[in-house]
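The values are calculated or read from the model by the stated rules, or taken from the named source; none is laboratory data. Nothing here was measured: the structure is a model prediction, and the numbers come from that model. A quick note on method: Cβ atoms are made from the backbone with ideal geometry, for glycine too, and the neighbour counts reach across all protein chains shown.
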Amino acid sequence: VIYQCLNSPKVISAEVSSKCSGSKYENECDRLTCVFRESKWLDGTAVDKTKVTAHLEQFATDHAEWSPAVQHAKTACLGPELKAQSIFLNCPAYDVTHCVLSSFIKHATPSQWSTSAACAYPRAYAAACPVCPSDCFSPQVPIGSCNACYLPPRTP
């Protein structure tokens, strides 16, 4: 629902996304590794940070309203080595993707959010909570590890 409430253009091309969809991928890590490979953002198994940075800079040029979020994403996601962002270990494509999407959600300007009443709660949730991958809510993941928003914020 959060993505429906943000006026967020697609960062990954539809062509690449379609090449990397379907049941041939065991999990989200495999699918996103395909996306990075098809986009030429991998150097072996490591993320080519220079190419991802160039892509994000072009995105910010094409969508100036997203420039603050892009700048944050470049610093937070492409600077130091990222710790695992979900239940997937050693999956740099997933880690970078999740970090960038989280930066976009957390650093979107107020004008980028829909003013629809249906978006009031998603906007408050995004402001109050870390952005947790859905896998973090699996029963085998202890509450409070990567699922800090297991209990959504409540309004008085």
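Does residue 130 meet the test of being at pLDDT below 80, closer than 23 Å to residue 52 by Cβ and either out of contact with any helix residue (DSSP H, G or I) (no Cβ under 8 Å at 6 or more places or on another chain) or surrounded by 11 or more Cβ atoms within 10 Å (Cβ to Cβ) (or both)? In short, yes.
The helices (runs of 4 or more DSSP H) found entirely in the range 1-43 that carry 1 or more residues being in contact (Cβ under 8 Å) with a residue 40 or more places away in the chain and under 17 Å from residue 98 (Cβ atoms) are 2-5, 28-38.
Scanning the range 63-89 for residues that are assigned to a loop (DSSP other than H, G, I, E, B) and either more than 20 Å from residue 38 (Cβ to Cβ) or under 14 Å from the mean Cα position of the chain (by Cα) (or both) yields a count of 11.
Could you please let me know if residue 60 is at pLDDT 90 or above, on the phi < 0 side of the Ramachandran plot, surrounded by fewer than 17 Cβ atoms within 10 Å (Cβ to Cβ) and not in a loop (DSSP other than H, G, I, E, B)?
Judged against the criteria, residue 60 is not a match.
Residue 140 - would you say it is more than 21 Å from residue 7 (Cβ to Cβ) and modelled with pLDDT under 95? In short, yes. Of all the numbered requirements in (1) surrounded by 15 or more Cβ atoms within 10 Å (Cβ to Cβ); (2) more than 24 Å from residue 124 (Cα to Cα); (3) hydrophobic (A, V, I, L, M, F, W, C), residue 89 misses one, and that requirement is (1).
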